[in-house]
1. State to the nearest 20 debye the size of the charge dipole of chain B about its Cα centre, where the only charges are +1 on K and R beta carbons and -1 on D and E beta carbons.
2. Below 8 Å, C-alpha to C-alpha, sequence gap of six or more: please give me the relative contact order for the range B:94-201 in percent.
3. Among B:H59, B:H73, which comes first, then next, by fewest other beta-carbon atoms within 10 Å?
4. What Kirkwood hydrodynamic radius, in Å, does the range A:46-120 give when the mean of 1/r is taken over all pairs of distinct Cα atoms and then inverted?
5. How crowded by other chains is B:93-100, given as the mean number of beta carbons from other chains within 10 Å of each beta carbon?
6. Could you give the alpha-carbon Rg of the range B:2-200 over 2.2 N^0.38 Å, rounded to two decimals?
7. Let me know the charge dipole size of the range B:1-85 about its Cα centre in debye, to the nearest 20, where only the beta-carbon of Lys, Arg (+1) and Asp, Glu (-1) is charged.
8. Where does helix A:158-185 land angle-wise versus the long Cα axis of chain A, in degrees 0 to 90, nearest 10?
Amino acid sequence: MNAILAIIRRDLLLAMRRKSEVLTALFFFIIVVSLFPLGIGPETALLRKIAPGILWVAALLATMLGLSRLFAPDHADGTLEQMVLAPSPLGLLVTGKIIAHWITTGLPLVLLAPVLGIQFDLDSGALGVLMIALLIGTPLLSLIGAIGAALTLGVRGGGVLLSLLVLPLYVPALIFGAGAVEAHISGLGAGGHLSLLAALLALAVFFAPWATTAALRIALE
Amino acid sequence: MLTATGLSCVRGERCLFSGLDLAVGPGEWLHVQGENGAGKTSLLRILASLSPPAEGEIHWKNAPIRTLAEDYHRDMLFLGHHGAVKEELTPFENLTLAAKLDGAPLDETAALKALARFGLRGREDLAVRFLSAGQKRRVLLARLAVRQATLWILDEPFTALDVKAVDMLSGLIEEHVKAGGICILTSHQSMPLPNGRVLKI
């Protein structure tokens with residue numbers, strides 16, 4: 001447990017020292033989401049209809065931006081070797097890294113989304129559902145992304161491969177996440193979608209660190 | 001006691017070495033020598049359990065290291081070519097965070113003492129990015145002074161170090177071996193230490 005906390009602390013400290021990386025993803029999210037209302041114009045009915053999809057697609061792409069840097073710096077400077085050789089299980093340390101990735105990229109998106117959602121004329125109920133959906137969905141994006149980042153570690157042109165590998169796996173999160181907000185707006189209730197999203201998260205929490213660890217071991221051999 | 005029997009290593013289609021036996025006991029150290037590309041680093045990585053050997057078995061205290069896993073990691077310290085030193089963090093942060101990962105948290109005075117021993121006094125709070133290559137190596141070597149491990153596996157520990165630091169490191173290894181530790185290292189320099197054996201590959 002101490003090892004997890006040490007890894008999270010270290011990665012957050014590193015994120016603080018390389019602020020530009022974190023801010024890039026955040027500004028990307030803000031700009032992409034803000035451009036749509038400006039481009040479409042003040043048609044509130046249309047904006048309300050497309051809001052969940054746009055916010056989710058932007059969140060998805062913003063998470064992808066920093067993904068290739070999740071393990072690459074650790075691989076380059078030998079930290080990954082030391083993690084494999086640490087007396088704590090590698091799966092635990094990898095989980096710590098994924099949590100740190102979520103805190104630096106996922107959590108800011110969750111907090112910003114309601115503010116950006118106002119531009120799309122979403123009411124407070126829909127904004128709440130959006131926030132909850134993102135709160136469940138963004139850890140899922142970090143977990144799935146970690147598998148892709150580990151699999152493409154040390155591969156030339158890994159960035160493109162990473163997108164090809166990870167984006168299809170993000171589709172269920174996108175469908176249920178955006179679907180939850182749409183269902184709430186249309187009066188069907190978001191419960192079903194959110195439950196499915198949470199089920200996906202539970203599955204990913206269990207399998208993703210394990211798959212990531214296996215991929216990292218192969219990359220290091 | 002570390003023993004290896006019938007080790008072989010294959011990289012691509014080339015066989016680097018095969019049928020390699022070695023045994024190092026407490027109070028001994030092994031100097032692995034060989035030309036560039038002979039497989040020194042590969043051998044050390046196999047011994048550190050970072051990559052599996054193509055053939056052969058490695059035992060630590062009479063148990064195969066495959067089954068020991070984390071118990072072996074606790075007894076062993078591996079320092080490779082790459083520093084595992086984060087450029088954005090200070091030497092102090094690097095050292096204390098590495099110690100936490102090793103499961104042996106370090107208090108502030110012990111960490112500062114170790115850094116001072118390696119001539120980094122006054123540089124504790126400067127990001128490693130601003131240090132020279134030799135000073136970066138010193139940050140890494142400070143871990144040797146604080147980590148309680150029986151087996152040291154060091155890959156080219158003398159690279160980029162100045163004369164004074166080389167003496168300091170030799171002294172550290174001598175101390176470790178005298179106290180019953182084991183050290184396996186690669187180096188192109190000759191090492192004037194007692195109880196040493198040379199393995200040529």
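No value in this document is a laboratory result; all are computed from the given coordinates. Remember, predicted model here, so these are calculated numbers, not experimental data. Neighbour counts are summed over all protein chains in view; Cβ atoms, including those assigned to glycine, are modelled from backbone coordinates with ideal geometry.
1. Using Cβ point charges on Lys, Arg, Asp and Glu, chain B gives about 260 debye.
2. So the answer I get is 24 percent.
3. Values: B:H59 16, B:H73 24.
The most exposed by this proxy come first: B:H59, B:H73.
4. Details: mean 1/r = 0.0688 Å⁻¹.
Taking every pair of different Cα atoms in the range A:46-120, averaging 1/r and inverting gives 14.5 Å.
5. The per-residue average across the peptide is 4.
6. 1.03
7. Numbers: 7 positive and 9 negative charges, 36 e Å.
In total the dipole reaches around 180 debye.
8. 40 degrees
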